[in-house]
Amino acid sequence: MTASSNPLGSTEIEVLRYLGDNSACTVGEVADYFAQTSGQARTTILTIMERLRKKGHLSRKKVGGVYRYSPKVAKNDLLQRLVKTFVETTLGGSVSPVVAYLSEDGPVSDEDLDQLKKLVRDLESRREEETP
């Protein structure tokens with residue numbers, strides 16, 4: 001089963017991000033983290049993880065008598081998909097609001113700025129290659 005196109009809730013995204021950084025976790029391990037950081041109950045985390053598994057975002061494997069959950073896609077791929085969906089649905093396909101945010105209010109570190117410059121260079125190169 002591939003990941004569904006159903007929108008993800010904010011806690012679902014947080015669980016996927018956590019598992020992207022800490023793959024092959026038990027419900028208890030994830031629940032402990034969320035209990036400390038946001039006060040979420042273990043039953044809530046179990047429900048979310050099972051919902052994500054049924055939606056095709058997580059896989060689980062029984063190891064030593066307990067299920068270990070892992071994301072089906074890498075964290076970077078997940079985040080790219082989320083950004084694409086946000087730009088297409090919320091911003092109508094325009095990245096101008098994101099650029100305006102970054103130029104006015106965005107917390108842009110030197111590393112982020114270097115990545116943005118590289119992205120612009122790559123986009124310009126790609127456009128030049130496509131122009132006949």
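Data table
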{"read-out": "Failed item, numbered, when A35 is tested on (1) loosely packed, with under 10 Cβ neighbours inside 10 Å; (2) small (G, A, S); (3) not in a loop (DSSP other than H, G, I, E, B)", "value": "(1)"}
{"read-out": "Residue check, G106 outside any helix (DSSP H, G or I) and either in contact with a Pro (Cβ under 8 Å, 6 or more places away or on another chain) or surrounded by 11 or more Cβ atoms within 10 Å (Cβ to Cβ) (or both)", "value": "yes"}
{"read-out": "Residue tally, condition free of Cβ contacts under 8 Å to residues at least 24 places away in the same chain and closer than 30 Å to V27 by Cβ, over the range 82-103", "value": "3"}
{"read-out": "Residue list for the range 44-65, restricted to those being part of a strand (DSSP E or B) and within 16 Å of Y33 (Cβ to Cβ)", "value": "L58"}
{"read-out": "From the options G65, G39, residue that is without any contact (Cβ under 8 Å) to a residue 40 or more places away in the chain and either under 21 Å from L8 (Cα atoms) or of a type in the set (S, T, N, Q) (or both)", "value": "G39"}
{"read-out": "Residue within the range 77-95 that is in a loop (DSSP other than H, G, I, E, B), at positive phi, out of contact with any strand residue (DSSP E or B) (no Cβ under 6 Å at 6 or more places or on another chain) and surrounded by 14 or more Cβ atoms within 10 Å (Cβ to Cβ) present", "value": "no"}
{"read-out": "Residues of the range 41-77 satisfying the condition of being of a type in the set (G, A, S) and more than 13 Å from the chain's Cα centre (by Cα)", "value": "A41, G56, S59, G64, G65, S70"}
{"read-out": "Top-ranked residue of the range 38-55 - restricted to ones that are buried (at least 17 other Cβ atoms within 10 Å of the Cβ) and hydrophobic (A, V, I, L, M, F, W, C), ranked as nearest to Y67 (Cα to Cα)", "value": "M49"}
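Read-outs throughout are calculated quantities, based only on the coordinates presented, and are distinct from any laboratory measurement. Just so it is clear, the model here is predicted, and its values are computed rather than measured. Virtual Cβ from ideal backbone geometry, glycine too; neighbours counted across all protein chains shown.
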